[in-house]
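What follows is a short report on a single structure.
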Amino acid sequence: MRAMAKVNEIDTRTWPQVDFAKIRDQFPVLASTVRGKPLAYLDNAATTQKPWAVIDRMREFDSREYATVRRGAYRFAEQATEEFEKVRGKVALFLGAGSAKEIVFTSGATMGVNLVAGSWGRKFIGQGDEIILSNLEHHANILPWQMLAQEKGAVIKVIPVNDAGELDMEEFDRLLTDRTRLVAVTHVANSIGTINPVRTICAKARAAGAVTLVDGAQAAPHMKIDVRQIGCDFYVLSAHKMYAPSGLGVLYGRKEVLEQTPPFLTGGDMIERVTFEKSTFAPPPHRFEAGTPATTQVIGLGAAIDYLDSVGMEHIERQEKKLLDYATELVSRIESVDIVGNARDKAAIISFTLADAHPHDVATILDSEGIAVRAGHHCAQPTMDRFCVPATTRASFSFYNTFEEVERLAEGIKQATELFRG
């Protein structure tokens with residue numbers, strides 16, 4: 001435990017204004033036990049836990065403030081609408097957007113990508129046009145474009161990755177042509193943690209006349225995001241990965257691009273005028289928000305953003321980097337372990353394989369010690385194929401994790417190696 005004490009001592013000196021031990025107490029589920037062991041929740045790339053600030057705000061809204069939004073003329077509904085739209089403004093500030101009108105609420109990042117593919121893509125991508133993806137994409141940023149390409153006769157090109165899990169940017173330059181209509185890449189690879197150079201990618205794509213979409217599901221909870229600095233046309237995220245409720249996501253769309261984009265889903269509250277002969281639609285963002293929205297979830301997202309802002313995204317990013325560095329140091333020492341993805345710029349994710357052991361078996365052994373990790377292909381089978389593995393075990397960290405939990409992870413992996421060696 002001596003190494004852990006040293007790391008924590010460094011952390012205390014570095015962050016005198018942030019007490020991460022007290023922050024941990026604000027997440028009630030982290031006090032749970034699993035099989036008689038304290039829970040070490042290391043599956044934050046899949047979903048994150050909620051602080052009391054989010055839980056309490058949603059309970060308060062549901063019990064005292066809930067009403068339909070953007071429809072009722074009575075004061076109670078007007079107040080609910082004000083709270084709902086206030087969150088849209090918070091999201092815009094959190095992402096560095098130019099206006100709240102550039103923020104569309106969706107059911108998740110997956111829905112955001114499908115919305116762009118099914119509306120903007122269906123209108124602007126045609127026969128022989130080219131779509132560039134990367135070899136690090138989640139299936140949610142592959143399948144919508146694959147289906148669109150099959151429908152329109154477009155061509156998908158893929159940016160390869162090197163052995164460290166970094167994009168081959170020279171090959172990206174060669175892939176860009178005057179037929180490129182869209183470049184869609186992940187900001188952070190959910191499977192191996194690579195942080196992609198999205199600002200450079202978007203600048204090159206724009207110079208080539210292409211529109212860009214960045215999948216920010218794994219980035220927005222862990223680092224400061226500024227969509228205008230990135231220079232993307234679209235940016236998607238999921239609320240449940242940033243300490244907020246599930247069933248909700250955000251699509252940022254640059255104003256000029258959103259205004260050219262037709263509706264994707266139709267129904268109530270996204271129209272200006274409907275007749276049986278012809279209908280006209282509301283301007284963005286409401287054009288893309290058909291039906292009754294996930295009102296309480298939006299309120300929860302607003303509380304989560306307030307909470308993240310109170311901690312400070314720069315503190316979160318640096319604390320998670322310390323956890324990643326410590327975990328990488330300990331895990332890489334273990335015999336028979338191979339870390340998949342060692343990019344120079346990497347988020348707090350360690351994806352690994354263990355000789356002679358299936359990742360699911362490793363995850364089961366860790367679970368017996370109260371350690372929650374993910375095992376599988378992580379909805380990124382092309383990435384697994386690139387590294388010639390069917391699956392990996394993945395530990396993903398949040399700022400509420402501890403160095404002691406990192407040590408428990410390493411000890412659990414050692415136990416697994418001994419079991420499978422025997």
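Each reported figure results from applying straightforward, stated rules to the coordinates on display, with no laboratory input. All values reported here derive from a predicted model rather than from experimental measurement. So basically every Cβ, Gly included, is an ideal-geometry build from the backbone, and we count neighbours across all protein chains shown.
Observations on the structure shown:
- Listed by Cβ neighbour count within 10 Å, with the fewest neighbours leading, Leu237, Leu93 appear as Leu93, Leu237.
- Among the chymotrypsin sites (Phe, Trp or Tyr not before Pro) within the stretch 251-294, those in coil by DSSP and having at most 16 neighbouring Cβ atoms inside 10 Å are Phe276.
- Two-site FRET efficiency, Phe420 against Ser246, from Cβ-Cβ distance with R₀ of 41 Å, rounded to 0.05: 0.75
- Selected from Ala184, Ala380, Ala164 as most flexible by GNM, with the chain as the system and alpha-carbon contacts under 10 Å: Ala164
- Taking Lys and Arg as +1 and Asp and Glu as -1, the other residues whose beta-carbon sits under 11 Å from that of Thr296 total -2.
- With the simple model of a label 7 Å out from the Cα in the direction of the Cβ, Arg122 to Asp325 spans 4.9 nm.
- Label positions at Asp173 and Arg273, each projected 7 Å from the Cα along the C-beta direction, are separated by 5.4 nm.
- Loop-located trypsin sites (Lys or Arg not before Pro) in the stretch 283-340 (DSSP state other than H, G, I, E, B) with a sparse environment of at most 13 neighbouring Cβ atoms within 10 Å: Arg333.
- Calculated FRET value between Glu404 and Ser63, using beta carbons and R₀ = 60 Å, to 0.05: 0.95
- Relative exposure of Glu277, Glu411, Glu335, judged by other C-beta atoms within 10 Å (fewest first): Glu277, Glu335, Glu411
- Residue exposure proxy: Ile201, Ile156, ordered by other Cβ atoms within 10 angstrom of their Cβ from fewest to most, comes out as Ile156, Ile201.
- Once the Cα-Cα distance is subtracted from the 0.36 nm per residue extended length, the Asp361 to Ile156 segment shows a gain of 70.2 nm.
- Counting 0.36 nm for each residue step from Asp338 to Asp56 and taking away their Cα separation leaves a gain of 97.3 nm.
- Gain on full extension, evaluated as 0.36 nm per residue between Leu265 and Thr292 minus their Cα-Cα distance, stands at 8.5 nm.
- Three-way shape label, the stretch 55-309, alpha-carbon gyration tensor, a/c 1.5: oblate
- Separation of alpha-carbon centers, the stretch 89-106 and the stretch 139-207, rounded to whole Å: 24 Å
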